[in-house]
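For reference, the structure is listed below as structure tokens.
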Amino acid sequence: MSINVIHFFRAYWKPVTALAAFVLLVVWTSGALRERVAPGVVETLPGEPLPADAQTVTVEMQTLPVRVAVVGSMVSDNTVHISARIQAHVRDIPVSAGDSVTNGQLLVRLDDREQQARVVAARAALHRAQTEYDRIKQLFDAQATTEQNLIAMESARRIAESQLNEAEVALTFTEIRAPMDGRVTDRQVESGMLARAGQILLSVYDPTRMRLDAPVPVRLVDYLRLGDALDVELERPSTILKGRVHRVVSEIDPTTRTQTVQILVETTGLPILPGTFGRVAIPSAPRDMVLIPAAAIRSVGQLHVVNVVEHNRVIRRLVTPGITQDGYTEILSGLQHGDVLLIPGDPA
């Protein structure tokens, strides 16, 4: 019997040892050999501690007039489109787009050879008419012709004078001059091109009299009056200019349901180009809103958060901001009356 036991252990001691080690490991990991800790709840506080020297502000609901931002474009209130009065080839254009010009300065010179020829022909026709009139007048004074012939020759002379005046006026159309002090824009022809009567050759605008044309929703137009002062924010140059409501176009755009409001601005000598993007805040009816300092809002990607104080702890909360005016931003969701905010700039 003892020989069989020894033979058994020699044959199976490795599996038996592995099984015993596995059982011991299971017993150890189960905690059966250690003192157990009774289950419980560990209290954790949200956020971060409120600094001792922190300054806070209480959120309040306020009833204030709302201003709606409307975008528009800058244009000159005095723009002249220069067109040809006659058909002729362009001989010379001594100005380019962007050049400053003065009243009476030459802008375009057209080929005047045809008009010069018409003037010469008209002068010759007037000379013949005047000579014939003088001859008939002498005959009439000598009672050798009728008054009817004299009247006919006088009419022919006046027609010749009129045709000469017309030809001389047409000759002046070959030199196109600036109608005012301003700046050239939209040059549409070059030397050698054929300018047709009525064709716009270039434009001149007055840079000292600029306005913002803004499409304002119909529901806001009634809050504006002629002469109302408004601040106009420009993109280029980046500045804010004083403006006044100059004109409200009576036509309503049926697609956008807007009316164009023209606001004259005080340029203060700034080089403002037509087409510059501008923004103006249009007043509307007052309503209840939650306003907080705009600097209290922090952007994290596409999200906006504020630091709210609860039970002496600073907690970050997501908010939905609305319009910003005078350094304060309306909060559409995330805050309510009575909430306490940490003053911007203090450590959180």
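Remarks
- Per the listing ALA97, ALA121, the residue uniquely among the aliphatic types (A, V, I, L, M), more than 30 Å from GLU235 (Cβ to Cβ) and not assigned by TED's automatic domain parsing to the domain that holds ASP231 is ALA121.
- Taking the criterion of being exposed (fewer than 12 other Cβ atoms within 10 Å of the Cβ) and in contact (Cβ under 8 Å) with a residue 12 or more places away in the chain, the residues of the stretch 218-247 that qualify are ARG225, LEU226, GLY227, ALA229, PRO237.
- Where a residue in the stretch 148-177 is more than 19 Å from ALA117 (Cβ to Cβ) and its partner, wherever it lies, is among the small types (Gly, Ala, Ser), with Cβ under 6 Å and at least six apart: ALA156/ALA129; ARG157/ALA129; ARG177/GLY104
- Residue within the stretch 63-72 that is in a loop (DSSP other than H, G, I, E, B) and either touching a Leu at 6+ places or on another chain (Cβ under 6 Å) or surrounded by 14 or more Cβ atoms within 10 Å (Cβ to Cβ) (or both) present: no
- Checking ARG219, ARG287, ARG236, ARG225 one by one, the residue that is among the basic types (Lys, Arg) and within 30 Å of VAL57 (Cα to Cα) is ARG287 and no other.
- Filtering the stretch 178-226 to residues that are among the basic types (Lys, Arg) and assigned by TED's automatic domain parsing to the domain that holds LEU270 leaves ARG209, ARG211, ARG219, ARG225.
- LEU150 vs. criteria within 27 Å of VAL265 (Cβ to Cβ) and at pLDDT below 90: no
- Residue within the stretch 308-318 that is at pLDDT 85 or above, surrounded by 12 or more Cβ atoms within 10 Å (Cβ to Cβ) and assigned to a loop (DSSP other than H, G, I, E, B) present: no
- Pairs, first more than 13 Å from ILE282 (Cα to Cα) in the stretch 252-272, second aromatic (Phe, Trp, Tyr) and surrounded by fewer than 13 Cβ atoms within 10 Å (Cβ to Cβ), C-beta under 6 Å, six or more apart: none
- Taken together, the residues in the stretch 150-170 that are closer than 25 Å to LEU139 by Cβ and among the charged types (D, E, K, R) amount to 4.
- Hits in the stretch 256-281 - residues which are within 11 Å of ARG236 (Cα to Cα) and not in a loop (DSSP other than H, G, I, E, B): PHE277, GLY278
- Filter result (free of Cβ contacts under 8 Å to residues at least 60 places away in the same chain and not in a helix (DSSP H, G or I)) within the stretch 103-147: ALA142, GLN143, ALA144, THR145, THR146
- Condition check for PHE173 on (1) among the aromatic types (Phe, Trp, Tyr); (2) modelled with pLDDT under 90; (3) in contact with a strand residue (DSSP E or B) (Cβ under 9 Å, 6 or more places away or on another chain): one failure, at (2).
- In the stretch 319-330, the qualifying residues are those that are at pLDDT 85 or above and assigned to a strand (DSSP E or B), and the one that is surrounded by the most Cβ atoms within 10 Å (Cβ to Cβ) is PRO321.
Here is a yes/no grid of residues against (1) buried (at least 16 other Cβ atoms within 10 Å of the Cβ); (2) free of Cβ contacts under 8 Å to residues at least 24 places away in the same chain; (3) of a type in the set (Val, Ile, Thr); (4) farther than 30 Å from PHE173 by Cβ:
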site	(1), (2), (3), (4)
ASP77	yes, no, no, no
HIS81	no, no, no, no
ALA88	yes, no, no, no
ALA97	no, no, no, no
VAL101	yes, no, yes, no
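- Flag if ILE297 is touching a residue at least 12 places away in the same chain (Cβ under 8 Å), at negative phi, within 27 Å of the chain's Cα centre (by Cα) and surrounded by 15 or more Cβ atoms within 10 Å (Cβ to Cβ): yes
The values are calculated or read from the model by the stated rules, or taken from the named source; none is laboratory data. A quick note: this is a predicted structure, and the numbers were derived from the prediction, not measured. Glycine also receives a Cβ, built like all others from the backbone with ideal geometry; neighbour counts cover every protein chain displayed.
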